[in-house]
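Single-structure report; data block below.
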Amino acid sequence: MKLVVGLGNTGRKYEGTRHNVGFEVLAQLAREYGSSPGKSAFHGEVSEASVRGHRTLLLAPHTLMNLSGTSVLAARDFYKIENADLLIICDDFHLPLGRLRMRVKGSAGGQKGLADIIRRLGSEAFARLRVGIGEPPANWDAADFVLSKFTKQERPEVDLAVRLAADAVALWAAEGTAACMNRYNRDPEKE
């Protein structure tokens, strides 16, 4: 079984914010591959999916973003999932809007939900798919920026990034991290 976790904050006031792009990718995966309705478990909402023939648990932690590790650890341990079969989807303001970056392991890079997961699991060795949300404008606090909503002009690019991220997750499930990195970590401006 694979475990795919999309990070975000629950509640209406956070819908459509930059920090919730992980939830958006998870919702796209549920629409495309979902095989069960969501239910409350593991301090979050979980549903099952069949992603390119792989049984996959989709998890949206309902803890606050900065406490996401509680939910991930509970689900991982309950299903006895190896870290090699775990993928975390999160926002990244160090990446240009709409850019994707897959990594097999590494630091949190300032993403506090990812930092809590690393701390709770006791390891950085799990895949993560970062979705670029653009850099904070000058004089903006990073925390305020990630909790801001995408603009009407940004929304089409974000919607495309969400669909591409769902495709990247499907490739990861079927062919692994290296194949996903080769296809989705490219810089379109350099091509």
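Which value in deg cm²/dmol, rounded to the nearest 500, describes the helix-derived mean residue ellipticity at 222 nm for the chain, given -39,500 (n - 2.57) per DSSP H run of n ≥ 4 and division by the residue count? Mind dumping the intermediate values first?
On the way: 6 runs with 69 residues, N = 191.
Helices in the chain give a 222 nm mean residue ellipticity of -11000 deg cm²/dmol.
Test of understanding: what is the full-extension gain from Lys149 to Ala108, defined as 0.36 nm times their sequence separation minus their Cα-Cα distance? Length gained between Lys149 and Ala108: 12.5 nm.
Go through Phe23, Phe145 and list them by solvent-accessible area, largest first, probe radius 1.4 Å. Could you put the intermediate results ahead of the total?
Values: Phe23 40, Phe145 10 Å².
So the residues, ranked largest to smallest area, are Phe23, Phe145.
Taking 0.36 nm per residue of sequence separation and removing the Cα-Cα distance, the Glu157/Ser35 pair yields an extension gain of 41.1 nm. In the full protein context, the chain carries 49 Å² of accessible surface per residue, based on a 1.4 Å probe and ignoring ligands, DNA and RNA. Listed by chain and number, the aspartates and glutamates whose C-alpha is less than 13 Å from the C-alpha of Lys2, apart from same-chain residues fewer than 8 away, are Glu48, Asp77, Glu82, Asp85, Glu175. The alpha-carbon of Lys149 sits under 18 angstrom from the alpha-carbons of these lysines, leaving out residues fewer than 8 places away in its chain: Lys13.
Of the trypsin sites (Lys or Arg not before Pro) in the stretch 96-162, which ones lie in a loop per DSSP and count no more than 12 other C-beta atoms within 10 Å? The partial results should precede the final answer.
On the way: sites: Arg99, Arg101, Arg103, Lys105, Lys112, Arg119, Arg120, Arg128, Arg130, Lys149, Lys152; in loops: Arg99, Lys105, Lys152.
Within the stretch 96-162, the qualifying trypsin sites (Lys or Arg not before Pro) (loop, at most 12 other Cβ atoms within 10 Å) are Lys152.
The values are calculated or read from the model by the stated rules, or taken from the named source; none is laboratory data. The model shown is predicted, which means the values in this text are computed figures rather than measured ones. As a convention, Cβ positions derive from the backbone with ideal geometry for all residues, glycine included, and neighbour counts pool all protein chains shown. For accessibility, only protein heavy atoms count, side chains too; no ligands or nucleic acids. Shrake-Rupley method; radii C 1.70, N 1.55, O 1.52, S 1.80 Å.
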